[in-house]
Ligand code: FES
């Protein structure tokens, strides 16, 4: 059952809970898949499934996969962000036009070896974090 918000402090606590759910541990990769309706229509469901399956196949235990809504990069759906657990949402590397093949590459190159797929980065006006 959803928590009832009765005060400003309740709202702040709810916000913090949500931020905690999005955060990861510093040694963790956090993979965020845009899953708004039109992201799904563009294939995000298959991308999410592929990333999940490949993370398991590769035996990567330091990966947290979460879903979000619109990233604002609608022109490049499906969109996937990869960040370290100690980075805030939006500070990681954002990949666009992600299909099954690119989703596998994200796992086998970025999550496994820390290699950024520079050719697939979209919408980044900040420095790309390269571990
Ligand atoms: S609705 Fe999918 S990124 Fe905007």
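The values are calculated or read from the model by the stated rules, or taken from the named source; none is laboratory data. Note that the structure is a prediction, hence the values are computed from the model and not measured. Backbone-built Cβ (ideal geometry, glycine too); neighbour counts: all protein chains shown.
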Original post:
Which one of these is in contact with a strand residue (DSSP E or B) (Cβ under 7 Å, 6 or more places away or on another chain) and either in contact (Cβ under 8 Å) with a residue 60 or more places away in the chain or within 11 Å of the ligand (Cβ to nearest atom) (or both): 71, 75?
Top reply: 71
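Considering only the stretch 28-41, how many residues are farther than 13 Å from residue 81 by Cα and within 16 Å of the ligand (Cβ to nearest atom)? Write out each step before concluding.
So the first thing to find is which residues in the stretch 28-41 are farther than 13 Å from residue 81 by Cα, and the list is 28, 36-41.
Checking the rest, the ones that are also within 16 Å of the ligand (Cβ to nearest atom) come to 36-41.
Total satisfying the criteria: 6.
So which helices (runs of 4 or more DSSP H) stay within the stretch 1-72 end to end and still have 3 or more residues that are under 15 Å from residue 107 (Cβ atoms), over 12 Å from the mean Cα position of the chain (by Cα) and modelled with pLDDT of 90 or more?
On the way: elements: 8-22, 37-41, 44-57.
By residue number, 44-57.
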Original post:
Restricting attention to the stretch 5-27, does a residue exist that is surrounded by 12 or more Cβ atoms within 10 Å (Cβ to Cβ) and within 16 Å of the ligand (Cβ to nearest atom)?
Top reply: no
Subject >> Pairs with Cβ under 7 Å, 6+ apart, first in the stretch 17-44 and at positive phi, second within 11 Å of the ligand (Cβ to nearest atom) and modelled with pLDDT of 95 or more >> reply: 43/78
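Which one is nearest to the ligand (Cβ to nearest atom), of the residues in the stretch 83-101 that are assigned to a strand (DSSP E or B) and under 18 Å from residue 43 (Cβ atoms)? Don't jump to the end; show me each part of the working.
Taking the stretch 83-101 and keeping what is assigned to a strand (DSSP E or B), we get 83-84, 93-95.
This time we only want the ones that are under 18 Å from residue 43 (Cβ atoms), so: 94-95.
Working: 94: 10, 95: 12 Å.
Result: 94.
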